[in-house]
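The values are calculated or read from the model by the stated rules, or taken from the named source; none is laboratory data. Because the structure is a prediction, the values reported are computed rather than measured. FYI the Cβ positions are ideal-geometry reconstructions off the backbone, even for glycines, and counts take in every protein chain you see.
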Amino acid sequence: MADEVEPTVASHDLRAPGPLELGAPGLAVGALITEADLGAVEAREGLAVAAKRRRFANLGWAFWVSVGVVCFWILAAIFASVLPLQNPNNVDINCLVSASPSSAHLLGCDTAGRDILSRVIFGSRVSLIVGFASIAISELVGGILGLVAGYFRGWFDEVLAIVSNAFLSFPFLVLALVMVTYVGRSLFDITIIIALLAWPILFRVVRAATIEYAQRDYVLASRALGAKSWRVLTRLLLPDVVPAAVTFGLVGVAVAVVGEGALSFLGLSVPLPTATWGNMIAQGSTQLTQDISLLISPAVAMFSFILAINFIGDRLRGVLDVRQGVL
């Protein structure tokens, strides 16, 4: 009886034993992966990381100046109480005689005898709190809804799309005026109102990004391999949509600050005597022929912050390669 010959198995080709990292082009589920393939994938990933680092290194001096301006206003708003500033609501009788700048009042006084510099610094608190807090709330609500709607689609996506379109069809300021009239004018009320008006925009941004990335090979492969939906959403899609949400969120902060300023200008934001950039601009606009400096100081403060944060968002959108064509 002839000796039985056992078949031999070549060991130089390895079949992937489990789920693959399928982001690389040209690799399919169950394909034979050689060391050369792995080396090519690592090389491509290394080049992508290096390219991203070069883009961050080439942001330019204007970007860092803008970051400095935004940080200045944030720190000024946080530490306004400990800075050597006068009480923004105190009235200096001497200013009623001469409101021009002096050593005691570097930017002069308003018509009520209050220090303008102090009111600009303290007024940044309301504007920045409303801007950042309202967009943070809308990012949370709109981001979660956009991520879920863009991934699962179906009736849930259609209902939210109709609701968001309904919100966006109304003029922002008119809807804000109606809501302020019935809800109230406290700092919390203004923040919630602007968040309610901003969430549809962030919802559409995150939804559009989720729909695009949900069709990528690595997501489709993970779903084919049995990955649970929550894992696909949190581990694969969320990191991809965060850059779009953050960059558009920065622009949203600028819009929220302008919205609060518009409400303050109309006398429908946080009531006096609390200082905000908007109500200072409103007060200064009544004294244009007598003293234009009452208008210039808060206007320059608001303009510098909005310009800086808009520029930061625009530069980051270019670096992170956030595309707007799918929105």
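Worth a mention:
- Flag for THR247 being among the β-branched types (Val, Ile, Thr) and surrounded by fewer than 17 Cβ atoms within 10 Å (Cβ to Cβ): no
- Flag if SER293 is surrounded by fewer than 18 Cβ atoms within 10 Å (Cβ to Cβ) and touching a Ser or Thr at 6+ places or on another chain (Cβ under 9 Å): yes
- Every pair of residues 6+ apart whose Cβ atoms lie under 9 Å, when the first sits in region 219-231 and is touching a residue at least 12 places away in the same chain (Cβ under 8 Å) and of a type in the set (Ser, Thr, Tyr) while the second is surrounded by 14 or more Cβ atoms within 10 Å (Cβ to Cβ) and assigned to a loop (DSSP other than H, G, I, E, B): SER222/LEU22
- Qualifying positions in region 181-197 - assigned to a helix (DSSP H, G or I), modelled with pLDDT under 90 and either farther than 14 Å from VAL130 by Cα or small (Gly, Ala, Ser) (or both): THR181, TYR182, VAL183
- Test for PHE203: is it at negative phi, touching a residue at least 12 places away in the same chain (Cβ under 8 Å), crowded, with 17+ Cβ neighbours inside 10 Å and touching a helix residue (DSSP H, G or I) at 6+ places or on another chain (Cβ under 9 Å): yes
- Scanning region 256-267 for residues that are surrounded by fewer than 19 Cβ atoms within 10 Å (Cβ to Cβ) and over 18 Å from the mean Cα position of the chain (by Cα) yields ALA262, PHE265, LEU266, GLY267.
- Those residues of region 139-169 which are within 20 Å of VAL257 (Cα to Cα) and in contact (Cβ under 8 Å) with a residue 24 or more places away in the chain, in sequence order: GLU139, VAL141, GLY142, PHE167, LEU168
- When region 106-124 is filtered for residues that are basic (Lys, Arg) and either closer than 15 Å to ALA282 by Cα or modelled with pLDDT of 90 or more (or both), only ARG119 remains.
- Counted residues, region 224-282 - those being closer than 22 Å to VAL319 by Cβ and out of contact with any helix residue (DSSP H, G or I) (no Cβ under 9 Å at 6 or more places or on another chain): 1
- PHE156 surrounded by 19 or more Cβ atoms within 10 Å (Cβ to Cβ), out of contact with any His (no Cβ under 6 Å at 6 or more places or on another chain) and either modelled with pLDDT under 85 or assigned to a helix (DSSP H, G or I) (or both): no
One line per residue, one yes/no per condition, for (1) modelled with pLDDT of 75 or more; (2) outside any loop (DSSP other than H, G, I, E, B); (3) in contact with a strand residue (DSSP E or B) (Cβ under 6 Å, 6 or more places away or on another chain); (4) of a type outside the set (Asp, Glu):
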residue: ALA50; (1), (2), (3), (4): no, yes, no, yes
residue: ALA62; (1), (2), (3), (4): yes, yes, no, yes
residue: GLY68; (1), (2), (3), (4): yes, yes, no, yes
residue: PHE72; (1), (2), (3), (4): yes, yes, no, yes
residue: SER81; (1), (2), (3), (4): yes, no, no, yes
residue: PRO88; (1), (2), (3), (4): yes, no, no, yes
residue: CYS95; (1), (2), (3), (4): no, yes, yes, yes
residue: ALA99; (1), (2), (3), (4): no, no, yes, yes
residue: SER103; (1), (2), (3), (4): no, no, no, yes
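- Pairs with Cβ under 6 Å, 6+ apart, first in region 170-185 and closer than 19 Å to THR274 by Cα, second of a type in the set (Ser, Thr, Tyr) and modelled with pLDDT under 85: none
- Unique match (being in contact (Cβ under 8 Å) with a residue 60 or more places away in the chain, over 15 Å from the mean Cα position of the chain (by Cα) and closer than 22 Å to ALA133 by Cβ) among VAL253, VAL241, VAL270, VAL246: VAL270
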